[in-house]
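What follows is a single structure, written as structure tokens, with notes after it.
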Protein chains: 2
Amino acid sequence: MNTIQNDRFLRALLGQPVDMTPVWLMRQAGRYLPEYRNTRAQAGDFMTLCKTPELACEVTLQPLARFPLDAAILFSDILTIPDAMGLGLYFVDGQGPKFKYPVRTPKAIQNLTVPDPEDQLRYVIDAVRLIRTELAGKVPLIGFAGSPWTLAVYMVEGASTRSYSKIKGMLYDSPNTLHKLLNILADSVILYLNAQIAAGAQAIMLFDTWGGILTPTAYREFSLAYLERICYSLVREFAAQPIPIILFTKGGGQWLEVIAKSGCDAIGLDWTIDLGEARARVGNLVALQGNLDPAILYAAPEQIRSGVAMVLESYGHGSKHVFNLGHGVAQDMQPEHIGVLVDAVHELSKPYHQ
Amino acid sequence: MNTIQNDRFLRALLGQPVDMTPVWLMRQAGRYLPEYRNTRAQAGDFMTLCKTPELACEVTLQPLARFPLDAAILFSDILTIPDAMGLGLYFVDGQGPKFKYPVRTPKAIQNLTVPDPEDQLRYVIDAVRLIRTELAGKVPLIGFAGSPWTLAVYMVEGASTRSYSKIKGMLYDSPNTLHKLLNILADSVILYLNAQIAAGAQAIMLFDTWGGILTPTAYREFSLAYLERICYSLVREFAAQPIPIILFTKGGGQWLEVIAKSGCDAIGLDWTIDLGEARARVGNLVALQGNLDPAILYAAPEQIRSGVAMVLESYGHGSKHVFNLGHGVAQDMQPEHIGVLVDAVHELSKPYHQ
């Protein structure tokens, strides 16, 4: 039952030999695929798509039907937790996510309760179960959540911001209030991810999208500390299989040494750091995932292949590398170019595993 | 004529002893000041404000009348050069700068000409002359320009973007075309800044706002190489006074070692790096400018003072530090808080200069 036909992704995360470098892409299921746009149109809106396990399963599997990707990732959103807390998540085209009821006062934070994954977040856990069934052991399934800090940014700001005035005002003026919020979120993420693991998620990714807007000391206190707690509180083996954790702090390249000690198995990297340099800095402590500049997908196939070759070369020999972009696939990228990338990773990485 | 009453800022950049750490703030003249909003209303729109030397001079001096800042910075915009090239710069509230005629083809780039600073950019040079007269030697005047890469991003994209698809498509697909554009821009920046120096600018700041979106190798090839050329082509001594250059690549904390070798006198830092760590990495090669998280200005005065104390402590003893924010003052910040910051820098830095 737990046999995976292609376990290259899990093997790389655990430092076991592989025949080729595994590859998956952040936002591999998404608007760049016409079949996704069809399913999304059928759902009506984005949250209905997320909340309908059959449709979430369908879009999760779409990129795998096109490309020989080495992992599937649950189709969902990092803001399901605050939505389940009653903040009223909604999306306005071109403006990013918004909340009807942002959380800004100690009282509002006091009133928050940890969502029950099998109740308010049941639709996610059901989607995980369904995807595992439909995947039928082809490739592993990645579950995910947003980091407590990143969720707090959205919950306090309530909408996209350039200045982060509300969350940072809270951080500097009322750190204890913010810590209360982060603790409730860490508890929620732990329950949520353990439920995903119990339902069939075979690896976990933590997205710390906004960790990079912090100072080095604030990052450790308000983001990394909670990620550490999550790493130590998740089920790390399920059905006799290890469950690796990948931690991705966008803009966190300056802090790799401390991130590597967080208890995660792998660090996701954006494209602003040389992979070889990152590897030298973290040593053998963790695997690395990344880090092609996604914008290279706007270029011609030969440029994409040469970009892939450079990333593989910068990592060099060794199995603890999962190929990915440094950020998600954008909606205006061509599906054919994704195919070029995936094939290039497999083809060009073989010499590094001989 | 060249005597400056308060030359703390220039002394720190040149590594000469100072009594207190000098401080100025990016966007110290701006919308957070009611007197600025009045002058701006009088001008009608932002570009008229920039293009009217008397008004540009007036807003340049406004923050100095309120706070004991150690430098003035020319009030202008980094996009004056592409505007002078005929791209039709305009601003839409809340959407950032836009160009009527973005530059995207080899032919369009071929047709660009280097603006004459004393002709199409005369209004800037006149403003520099007027500000120097009005400053009457109180504090030094900083001139500035955008980096060629940053200007190219705006010129090719034509409007704000999250994906940078057009400029990055050009970078990966047609690097030679992009290099042509960057060369014209480097020539333009050199002429423009040398004219500012001849008109009275006593230090130069180069803003590389978008350098941080590049990979490490692309940063060196498409941004830093041109900044180096500029550093080596500017008048570095005028009227028997050295003209120091500060180079600020937002998000460039990972590349300090190479930036320090660019020929600049100082590196501007955002708040994602510890100043002491940055100092250890660049050694005595350059001065450092920064790097308080601007968002701390949303907090109470005692938090601002404690944030200032932490930045001063992280730099430690030594004169090669100019205090600044890691990014500009935002329009919703309170002027009183700026005053708290400036006073705290002067008061709390004295022990570090004894």
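None of the figures in this text is laboratory data; all of them are computed from the coordinates on show. Quick caveat, the model's predicted, so the values are computed rather than measured. When we count neighbours, we look across all protein chains shown, and the Cβ atoms used for this are built from the backbone with ideal geometry, even at glycine.
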Checklist entry - Can you give me the relative contact order of region B:276-354 as a percent, contacts being Cα pairs under 8 Å and 6 or more apart? => result 40
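Helix-only mean residue ellipticity at 222 nm, chain B, DSSP H runs n ≥ 4 weighted -39,500 (n - 2.57), per residue, nearest 500. What is it?
Result for chain B: -13000 deg cm²/dmol, rounded to the nearest 500.
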Checklist entry - When DSSP beta bridges are limited to those with both residues in the protein assembly as shown, what percentage is antiparallel, rounded to the nearest 5? => result 20
Checklist entry - Which links in B:Lys261/B:Lys350; B:Lys250/B:Lys350; A:Lys100/A:Lys180; A:Lys250/B:Lys166 stretch past 24 Å when you go from one Cα to the other? => result B:Lys261/B:Lys350; B:Lys250/B:Lys350
Checklist entry - So for chain A: antiparallel DSSP bridges make up what percent, rounded to the nearest 5? => result 20
Item to check | Cα centre as origin, Lys/Arg/Asp/Glu Cβ charges: the protein assembly as shown dipole, Debye | outcome: 100
Item to check | Residue order, fewest to most surrounding Cβ atoms within 10 angstrom, among B:Cys50, A:Cys231 | outcome: A:Cys231, B:Cys50
Next on the checklist: Please rank B:Leu69, A:Leu191, fewest neighbouring Cβ atoms within 10 Å first, as an exposure proxy.
Outcome noted: A:Leu191, B:Leu69
Next on the checklist: Ignoring solvent entirely, what values of log10 I(q)/I(0) come out of the Debye formula for region B:110-225 at 0.13 Å⁻¹ when each Cα is a single scatterer?
Outcome noted: -0.57
Checklist entry - Using the 10 angstrom Cβ neighbour count as an exposure proxy, how do B:Arg104, A:Arg236 rank, fewest first? => result A:Arg236, B:Arg104
Item to check | Copy-to-copy label separations for B:Lys100, where each label sits 7 Å from Cα toward Cβ, in nm and ascending | outcome: 4.4
Checklist entry - Taking the axis about which chain B rotates onto chain A, which residue of B lies nearest it as judged by Cβ position, and how many whole Å separate them? => result B:Gln254, 3
Checklist outcome for this item: Note on region B:142-197: alpha-carbon gyration tensor, axes a ≥ b ≥ c; rule is a/c under 1.5 for rounded, else prolate if a/b larger than b/c, else oblate; result oblate
Next on the checklist: Semi-axes of the equivalent ellipsoid for the protein assembly as shown, please: Cα gyration tensor eigenvalues, times 5, square-rooted, ordered largest first, whole Å.
Outcome noted: 45, 28, 24
Item to check | Only Lys, Arg (+1) and Asp, Glu (-1) charged, at Cβ; chain A dipole about Cα centre in debye | outcome: 620
Item to check | Pseudo-label separations to other copies for A:Gly86 - Cα-to-Cβ vector, 7 Å, nm | outcome: 6.3
Checklist entry - Within chain B, which complete DSSP H helices have Cα atoms spanning at least 24 Å along the helix axis and a mean Kyte-Doolittle hydropathy of -1.0 or higher? => result B:175-199
Checklist entry - Between A:Pro244, A:Pro22, A:Pro301, which gets the highest mean-square fluctuation from a Gaussian network model of chain A, Cα cutoff 10 Å? => result A:Pro301
Checklist entry - Could you list, bin by bin from short to long, the percent of Cα-Cα pairs of region B:200-354 in 5 Å steps? => result 2, 9, 18, 19, 19, 15, 11, 5, 1
Checklist entry - Which residue, B:Tyr90, B:Tyr232, B:Tyr172, has the most motion in a Gaussian network model of chain B that connects Cα atoms within less than 10 Å? => result B:Tyr172
Checklist entry - For chain A, how big is the tail of P(r) above 35 Å, as a whole percent of Cα pairs? => result 18
Checklist entry - At A:Pro335, label 7 Å along Cα→Cβ: distances to the other copies, nm, ascending? => result 5.8
